[in-house]
Amino acid sequence: MKLDILAIGAHPDDVELGCGATLAKEINNGKKVGILDLTRGELGTRGSAEIRDKEAGKAAKILGASVRLNLEFADGFFV
């Protein structure tokens, strides 16, 4: 899939918090945007990895992202 923008975050919700408004603007302008999360955020204190997975999917849909993937690296332990 060809994308105009690929936003990469360490944890689910990092992309939304860091550049969600910019992505929404670019999607509204016709850009194809993808989101790539490196971990499931399992060490975070704001919900389980399963909850964060569901929230990430909903957020991608709300933003209108073309694709969202998660590499499922262990949170906090990759170099």
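The values are calculated or read from the model by the stated rules, or taken from the named source; none is laboratory data. Just so it is clear, the structure is predicted and the values come from calculations on it, not from any experiment. With ideal geometry, Cβ positions are generated from the backbone for all residues, glycine too; neighbour counts draw on all protein chains shown.
Which of the residues that make up region 6-50 are at pLDDT 95 or above, among the basic types (K, R) and in contact with an Asp or Glu (Cβ under 9 Å, 6 or more places away or on another chain)?
K31, K32
If you check V79, V67, which single one turns out to be in contact (Cβ under 8 Å) with a residue 60 or more places away in the chain and not aromatic (F, W, Y)? It would help to see each step written out before you state the result.
Details: V79 fails: in contact (Cβ under 8 Å) with a residue 60 or more places away in the chain.
Answer to the check: V67.
Looking for something surrounded by 17 or more Cβ atoms within 10 Å (Cβ to Cβ), under 28 Å from F77 (Cα atoms), in contact (Cβ under 8 Å) with a residue 60 or more places away in the chain and under 11 Å from the mean Cα position of the chain (by Cα) - is there at least one such residue anywhere in region 16-36?
No, region 16-36 contains no residue that is surrounded by 17 or more Cβ atoms within 10 Å (Cβ to Cβ), under 28 Å from F77 (Cα atoms), in contact (Cβ under 8 Å) with a residue 60 or more places away in the chain and under 11 Å from the mean Cα position of the chain (by Cα).
Given (1) over 27 Å from M1 (Cα atoms); (2) assigned to a helix (DSSP H, G or I); (3) of a type in the set (V, I, T), identify the lone condition not met by I62.
Every listed condition holds for I62 apart from (1).
Identify, please: which residue in region 37-57 is surrounded by fewer than 14 Cβ atoms within 10 Å (Cβ to Cβ) and of a type in the set (A, V, I, L, M) and is, among those, farthest from the chain's Cα centre (by Cα)?
L43
Out of all the residues in region 1-15, which are surrounded by 17 or more Cβ atoms within 10 Å (Cβ to Cβ), free of Cβ contacts under 8 Å to residues at least 40 places away in the same chain and not charged (D, E, K, R)? Walk me through how you get there before you give the answer.
Let us first name the residues in region 1-15 that are surrounded by 17 or more Cβ atoms within 10 Å (Cβ to Cβ), namely 7, 9, 11-15.
Cutting the leftovers down to free of Cβ contacts under 8 Å to residues at least 40 places away in the same chain gives us 7, 9, 14-15.
Result: A7, G9, V15.
Pick from G47, G30, G41: which is touching a His at 6+ places or on another chain (Cβ under 6 Å) and part of a loop (DSSP other than H, G, I, E, B)? Walk me through it before giving the result.
Working: G47 fails: touching a His at 6+ places or on another chain (Cβ under 6 Å); G30 fails: touching a His at 6+ places or on another chain (Cβ under 6 Å).
From the options G47, G30, G41, the qualifying one is G41.
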